[in-house]
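A short write-up of the structure that comes next.
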Amino acid sequence: MEGVIGVLKLTIKKGTNLAVRDWTRGTSDPYVIATLDHQKTKSKVVLGNCNPVWDDGLTMIIKDPKAPITLTVHDKDTFSDDDNMGVAYLDLSRYVECMEKRADFHDLPVGSKLETVEPDEHNNLVEESHIIWNKDAITQDMVLRLQNAETGVIEVQIEITPVENHRLILQEDHEIVDSGLTKTVDRSIDFEDLLF
C-alpha cells in the first residue's frame, strides 16, 4: 500500500511512580492512549495502582517515520471525565533508519546493539535506549518521562514489521493480513484513510 512503511507493535509494559488522581483512595486507575496521525488505540485499565504493569500490545500503521507517537496516561473515572496523568512523545526516526538497513544485519548475533539513543532535550528518554537485533526483528525498549505531570515514567517497546511491496487486506475482524505476515490488531484503529 502506497505510503505505508510498516505495522508497529507498541508494547506498553509498565508505569512507575505515576501521579495520584483519586485522592480519596490515594491511587489511580491508569491506562495509556497512543495517538499517531489519525489513529488512536488504548491499553487496558489497571485498577488502583500507581505502578501498573500493563504488558499490553497495541498495533498501529506507520506512514511517516517523522511523525511522533503521543502517549497520554489517564486515570479512569466512573462518574466524571478521566484525569490526565501526563504525556510522553515517542520518536521513531532513529529506529526507522536502522530498519532501512536491516538487510545488513542478518549475520549478526541475536541481541546485537545496532544503535544507542541518548536522552536529550528532543526526546522524553530517562536513560539511553538501545535498538537491538532480535532474529529477523528489530526492537527498542524505552523508559519515557511523563511531561505535564508531577511524577511518573512509562516503559514501552517498539517493533515495526515492514510492509514493502505487499498489499494490506483489512478484514472485518480488524486483522491485518499480508502474504507471510499476519498481525492481529489488538485495539481499534481508524483505518478509513488506508482503504483502497
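The values are calculated or read from the model by the stated rules, or taken from the named source; none is laboratory data. Here the structure is a predicted model, which is why all the values come from computation and not from measurement. Virtual Cβ from ideal backbone geometry, glycine too; neighbours counted across all protein chains shown.
Inspect segment 44-55 for any residue being out of contact with any helix residue (DSSP H, G or I) (no Cβ under 6 Å at 6 or more places or on another chain) and under 23 Å from residue 100 (Cβ atoms) and give the result as yes or no.
Within segment 44-55 (the criterion being out of contact with any helix residue (DSSP H, G or I) (no Cβ under 6 Å at 6 or more places or on another chain) and under 23 Å from residue 100 (Cβ atoms)), the answer is no, since none of the residues qualifies.
Take segment 62-86 and flag every residue that is surrounded by fewer than 18 Cβ atoms within 10 Å (Cβ to Cβ), under 13 Å from the mean Cα position of the chain (by Cα) and not in a loop (DSSP other than H, G, I, E, B).
70, the sole residue that qualifies.
Exactly one condition in (1) part of a strand (DSSP E or B); (2) within 16 Å of residue 70 (Cβ to Cβ); (3) at pLDDT below 95 is false for residue 154; which is it?
(3)
Of these, 59, 35, 24, which one is under 12 Å from the mean Cα position of the chain (by Cα), surrounded by fewer than 18 Cβ atoms within 10 Å (Cβ to Cβ) and among the polar types (S, T, N, Q)?
Unique residue meeting the criteria: 35.
Here's a check for you: in segment 2-19, which residue that is over 22 Å from residue 141 (Cα atoms) and surrounded by 16 or more Cβ atoms within 10 Å (Cβ to Cβ) is nearest to the chain's Cα centre (by Cα)?
4
Could you give every pair whose Cβ atoms fall below 8 Å, whose first residue belongs to segment 45-68 and is under 12 Å from residue 7 (Cβ atoms), and whose second residue is of a type in the set (Ser, Thr, Tyr) and assigned to a strand (DSSP E or B), counting only separations of at least 6 or pairs across chains?
57/11; 58/11; 58/41; 59/41; 59/184; 60/41
Is there a residue in segment 128-138 that is in a loop (DSSP other than H, G, I, E, B), loosely packed, with under 14 Cβ neighbours inside 10 Å and either polar (S, T, N, Q) or at pLDDT 90 or above (or both)?
yes
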